[in-house]
Amino acid sequence: MLTIPGLCWLCQMPLACAHWGICSRCTRALHTTPPCCPRCGLPSGNTHLPCGRCLLKPPVWDSLLFVTDYCPPLNQLVQRFKFNGTVALAPALARLLMLRVLEAKHQQRWCKPDCMVSVPLHSRRAWRRGFNQSDLLANYLSRWLQCDYFPKGVRRVRVAHTQHQLNARMRRNNLKGAFRVDFPVAGRHIIIVDDVVTTGSTVAEIARLLKKQGAATIQVWCLCRTL
Ligand SMILES: [Zn+2]
Ligand SMILES: [Zn+2]
């Protein structure tokens, strides 16, 4: 993959607009996700109403928006962004999410956000990586939407153990007390930005804290949702 400005990150063809980062053909090709539930983001027959799972046990957040499943080619760009430190990808990836947001707005599936927070890394990991990928995405999105962004609005106050091996209940316990909320929350419509949502336990824990402090609605926006 080349990193020459003016070429598409995916197909390396020249771009009509250099700052897009990903050409319109590749962007269209990404939109092949099956119909998904607007609340949990998992496959469902109806894209406008919550699925059976959500009716039985609704997630803490009110809606979830994502670009694609965690699969090629987007997962490769996300890995490159996150683990190889290719921060130049941030505006191109944020734009893909923004296109999804505009689509949801067009279909009247959104509520205008008052403010935005990003899922924090623990300071030690952020220091090692040199950046927080969700923070970079939120920076662009909040600027384009002209809504408040609180980069330190949610802080990680405790290192949680690696989540991979844990079941749902263990994950929840593992995350208890891991975050602290430090911005005006009551009555506000809040967006939580994350790069990848897998089980959703991290965003659920942050959403739970925000709801406890009186948030009006919570939307989760992410690049990939593991289906
Ligand atoms: Zn392309
Ligand atoms: Zn659902």
Subject >> Equivalent ellipsoid, the chain (semi-axes from 5 times Cα gyration tensor eigenvalues, Å) >> reply: 27, 21, 18
Subject >> Full-extension gain in nm, residue 158 to residue 99, via 0.36 nm per residue minus C-alpha separation >> reply: 17.8 nm
Original post:
In debye, nearest 20: dipole of the range 114-227 around its Cα centre with unit charges on the Cβ of K, R (+) and D, E (-)?
Top reply: 560
**OP:** Excluding residue 131 itself, calculate the net charge of residues whose Cβ lies under 11 Å from the Cβ of residue 131, where each Lys or Arg counts +1 and each Asp or Glu counts -1.
**Re:** +3
Subject >> Additional length obtainable on full extension of the chain from residue 199 to residue 19, 0.36 nm per residue less Cα span >> reply: 61.5 nm
**OP:** Starting from the Cα of residue 211, draw a straight line to each of the aspartates and glutamates and keep only those under 13 Å, dropping any in the same chain fewer than 8 residues away.
**Re:** 62
Subject >> Extension gain, residue 167 back to residue 226 (0.36 nm per residue minus Cα-Cα distance, nm) >> reply: 19.6 nm
Original post:
Each label point is 7 Å from the Cα along the Cα-to-Cβ direction; what then is the distance between the points at residue 32 and residue 108, in nm?
Top reply: 3.3
**OP:** Excluding residues on the same chain fewer than 8 positions from residue 82, give the lysines whose Cα lies under 16 Å from its Cα.
**Re:** none
Original post:
Helix 74-83 versus the longest principal axis of the chain: what is the Cα-based angle in degrees, 0 to 90, to the nearest 10?
Top reply: 70
**OP:** Using only the alpha carbons, work out the radius of gyration and Dmax of the range 82-208 in angstrom.
**Re:** 15.0, 41
Subject >> Burial order of peptide ranges 110-121, 166-177 (average beta-carbon count within 10 Å, highest first) >> reply: 110-121, 166-177
Subject >> Listed pairs 105/212; 176/212; 57/105 exceeding 18 Å between Cα atoms >> reply: 105/212; 57/105
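Just so you know, all these numbers are worked out from the coordinates, no wet-lab data involved. Nothing here was measured: the structure is a model prediction, and the numbers come from that model. All Cβ positions, glycine included, derive from the backbone under ideal geometry; neighbour counts span all protein chains shown.
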